[in-house]
Amino acid sequence: MTPIKERLVAFIKEIKLDNRSFERQAGLSNGFVNNIGDSIRRSSLEKISNAFPELDLSWLISGQGSRTALTNINNARRVSEIVYPLEDHDGKFAETSDGQINLIIPIVYEYAYGGFPGGYRDPEYMDTLVRQAISVEKKHSGNYVGFEVIGDSMENLTSRDNIVTSIFEGSIAVGREVQRQHWQSRLHSHRWNAFIVAHRDEGLTCKKIIAQDLREGTITLSAHNPDKVRHPDFTWHLDDITAIFNVVKAITDM
């Protein structure tokens with residue numbers, strides 16, 4: 001087995017899919033994974049990246065870095081460091097003087113939590129939010145928003161693996177919006193360690209999705225923190241939810 005194939009197979013196992021399911025979701029031909037050699041064509045990499053944006057392509061190709069994009073790192077840049085916009089794509093992308101590509105996203109700090117569930121679709125509300133530039137390797141599609149993490153519900157210090165997947169209070173959870181048309185199918189909760197969910201009455205929460213009832217139209221949310229007395233699981237109906245974001249990165253020291 002070639003190193004690239006070995007790494008891709010490891011990722012597929014991590015997200016609990018079989019090879020054929022992975023190929024279908026990525027729009028790849030039947031047998032693609034088994035036929036991987038020493039390299040993968042650019043067109044195939046783009047399909048994989050679009051279907052599984054959490055997979056670090058640099059790691060897949062070279063073995064360097066982290067397998068998935070969910071990490072706690074400090075890679076934020078102040079907007080004052082931005083040189084010029086790269087393209088007119090909702091003003092999302094900009095470049096620094098050293099050539100670093102940046103994704104400019106709105107940040108929902110604690111003071112703005114109350115208005116988000118009803119204000120996300122309101123341009124006036126969104127214009128009130130602070131913008132921050134986050135360094136990225138390429139230009140990503142989708143709607144991204146950063147959220148200040150409040151409380152310790154996503155902290156788990158019981159093991160090294162749990163610490164790595166923790167999202168600590170005060171960090172910024174960068175979320176990619178899950179479009180509403182995908183809510184009635186499985187939300188691929190096995191592929192993501194955390195989601196930001198906006199409820200019209202309960203507000204914002206950062207949690208894992210541990211169950212989804214398609215018949216009833218509900219999702220069950222759970223804290224990463226093992227203290228279930230302080231952080232019990234709970235269920236929300238999708239009709240009461242205004243937005244869902246899968247957390248792709250957690251950033252410290254904004």
Subject >> Residue within the range 182-199 that is touching a Phe, Trp or Tyr at 6+ places or on another chain (Cβ under 7 Å) and outside any strand (DSSP E or B) present >> reply: no
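Listed here are the residues, each with its yes/no results for (1) assigned by TED's automatic domain parsing to the domain that holds SER49; (2) over 24 Å from ILE241 (Cβ atoms); (3) among the basic types (Lys, Arg).
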| site | (1), (2), (3) |
| --- | --- |
| LEU103 | no, yes, no |
| ALA112 | no, no, no |
| ALA133 | no, yes, no |
| LYS138 | no, yes, yes |
**OP:** For the range 215-230, enumerate the residues that are hydrophobic (A, V, I, L, M, F, W, C) and surrounded by 13 or more Cβ atoms within 10 Å (Cβ to Cβ).
**Re:** ILE219, LEU221, ALA223
Subject >> Matching entry among LYS139, LYS208 (being surrounded by fewer than 18 Cβ atoms within 10 Å (Cβ to Cβ), in contact with a strand residue (DSSP E or B) (Cβ under 6 Å, 6 or more places away or on another chain) and either in contact (Cβ under 8 Å) with a residue 40 or more places away in the chain or of a type outside the set (S, T, N, Q) (or both)) >> reply: LYS139
**OP:** Just need a number here: residues in the range 211-254 that are in contact with a Pro (Cβ under 9 Å, 6 or more places away or on another chain) and either without any contact (Cβ under 8 Å) to a residue 24 or more places away in the chain or farther than 29 Å from ARG131 by Cα (or both).
**Re:** 1
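The values are calculated or read from the model by the stated rules, or taken from the named source; none is laboratory data. What you see is a predicted model; the values in this text were computed from it and never measured. We place every Cβ from the backbone using ideal geometry, glycine too, and count neighbours over all the protein chains shown.
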